[in-house]
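Okay, structure first, notes after.
The values are calculated or read from the model by the stated rules, or taken from the named source; none is laboratory data. Predicted model, so just to flag it, every value in this text is computed and none were measured. Every residue, glycine among them, receives a Cβ derived from its backbone with ideal geometry; neighbour counts consider all protein chains shown. Surface areas here come from the heavy atoms of the whole protein model, side chains and all, with no ligands, DNA or RNA. Shrake-Rupley method; radii C 1.70, N 1.55, O 1.52, S 1.80 Å.
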Amino acid sequence: MNSRRLRTRCCIVGGGPAGMMLGVLLARGGVDVTVLEKHADFLRDFRGDTVHPSTLQVLSELGLLEAFHRIPQRREQQILARFADGELPLGDFRGLAPFDYLALAPQWDFLDLLAEAGRQCPGFSLHMRTEATALQHDQRGRVTGVAARDGDGELHIDADLVIACDGRQSILRAQSGLEIEAFGAPMDVLWFRLPRLPSDPDHTYGAPARGRMLVMLNRNDYWQCAYLIRKGSGDAMRRHPLQVFRDLVAPLLPFEASRMDAVDSWEAVKLLEVRIDRLRQWHLPGLLLIGDAAHAMSPIGGVGINLAIQDAVATANLLGPALRTDGEFDDALLPRVEQRRRLPTRVIQRIQRIAQQRIIAGLLDDAPGDLLPTPALLRWLSRFLWFRHIPARVFGYGIRREHVRFGNAR
Ligand SMILES: Cc1cc2nc3c(=O)[nH]c(=O)nc-3n(C[C@H](O)[C@H](O)[C@H](O)COP(=O)(O)OP(=O)(O)OC[C@H]3O[C@@H](n4cnc5c(N)ncnc54)[C@H](O)[C@@H]3O)c2cc1C
């Protein structure tokens, strides 16, 4: 096997939303940047498609919004809850500016768009099918790059700074020895698709019931469905005949049960192990972790992509100017990224933990039963637009919004 050496100013490991956005921002700002992505392309299983206003704002600041609008997508202005006695709008983007909707767009198209934007910049280098396998250190223990492997063998990438964006299973995080604070989650999620007919309801919504909950994302020609199950029960569930699963979900659908026949094998049902965790410290000399690698989020609110993008923007703003110069990189800058992004991460995780403990855990503890009736207080509150704006603002626009200050040069 060959062993080759490359040198770059900044090596980003992971071509997900955090890594690709950071790569584009740094390259646009004139930094020599190398992004490693272990897969051959971005086309993977469903892994989150909600593009919130905070991300739309970043795309707009980068001049990429028009290109994003060309991706097949669905715009949602309201998120509904479906109760036994009717539907209720719980999140409402109408009246919010500058974006009064959230977009549902395939993540692989979004990442392709970022890759294309990166390729326009001379300093951007994207290595697909290249997997980082280990951190490299100097005698003082400072991270100096990564070892990786691609189709041609072993590769060493020497870098002044390594940024780990390799997601919730981050191998660099495991190797760094940084301490993780993990918070339990009462649920896991089974994801599957159902065909959508023109006569179907037109919204995206959640349907809470005794012992279970179904979330249905309207993707125009299909429904992307999330069925919540008790933590750790996924494998047992998948040992049952598929019909057991179909029968559990069917009563929560807003249309005939036979549509579940479209789920024709357990292969079509993907398990997401929900977890909430975060690093106590996001950096070491020569190394920074952002996105899911620094903090895995619950799917509540669909914030994972958007928080990862906000981390990337903050990182580029805070580190970009120093990375653009030739001198030795100053590690004292790294805590600033963590300081900036710690609060938004904590606040959203806190809200997710409260929702999980106070609402979802209680639901899933019951035996499977009917849709819940509308809570009277919720019915009353949901009449007010300001109340429906709260989730739209908190999840959609986020806490401490980041604006592109480094990397908006095209
Ligand atoms: C089934 C599912 C549904 C979800 N639903 C939503 C949703 O509706 N809305 C939402 O906002 N979020 C959702 N999420 C979460 C969201 O996808 C993540 O929070 C978000 O993608 C995090 O971005 P990231 O760039 O930090 O990490 P990731 O998206 O995980 O990207 C990490 C990248 O690193 C690559 N990689 C990993 N290890 C290496 C290595 N050693 N070398 C090179 N490359 C490597 C991976 O292939 C991947 O491309 C969902 C996640 C899943 C799994």
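Taken across region 36-54, residues that are in contact with a strand residue (DSSP E or B) (Cβ under 7 Å, 6 or more places away or on another chain), part of a strand (DSSP E or B) and over 23 Å from Asp200 (Cβ atoms) do occur, with at least one present.
In the set (1) out of contact with any strand residue (DSSP E or B) (no Cβ under 7 Å at 6 or more places or on another chain); (2) part of a loop (DSSP other than H, G, I, E, B), Pro368 fails one condition alone, (1).
Taken together, Leu272, Leu288, Leu371, Leu307 contain a single residue that is open to solvent by less than 40 Å² (accessible area, probe 1.4 Å) and farther than 30 Å from Arg405 by Cβ, which is Leu371.
Among the residues of region 376-395, the ones that are over 30 Å from the mean Cα position of the chain (by Cα) and surrounded by 13 or more Cβ atoms within 10 Å (Cβ to Cβ) come to 1 in all.
If you go through region 177-197 and keep only what is among the small types (Gly, Ala, Ser) and either near the ligand (Cβ under 10 Å from one of its atoms) or closer than 27 Å to Ile359 by Cβ (or both), you end up with Ala182, Gly184, Ala185. Of all residues in region 166-176, one or more are in contact with a Gly (Cβ under 6 Å, 6 or more places away or on another chain) and either open to solvent by 30 Å² or more (accessible area, probe 1.4 Å) or away from the ligand (no atom under 11 Å from the Cβ) (or both).
Among the criteria (1) closer than 15 Å to Leu190 by Cβ; (2) within 16 Å of the ligand (Cβ to nearest atom); (3) not in a loop (DSSP other than H, G, I, E, B), the one Val249 does not fulfil is (2). Criterion applied to Arg7, Arg28 was being of a type in the set (D, E, K, R), at pLDDT 95 or above, more than 11 Å from the ligand (Cβ to nearest atom) and open to solvent by 50 Å² or more (accessible area, probe 1.4 Å), and the one residue passing it is Arg7. Remark: Gly19 falls outside the filter, which requires a residue to be open to solvent by 20 Å² or more (accessible area, probe 1.4 Å) and among the small types (Gly, Ala, Ser).
The set of residues in region 294-330 that are β-branched (Val, Ile, Thr) and without any contact (Cβ under 8 Å) to a residue 40 or more places away in the chain contains only Thr325. With respect to being within 15 Å of the ligand (Cβ to nearest atom) and in contact with a helix residue (DSSP H, G or I) (Cβ under 8 Å, 6 or more places away or on another chain), Asp41 fits the description.
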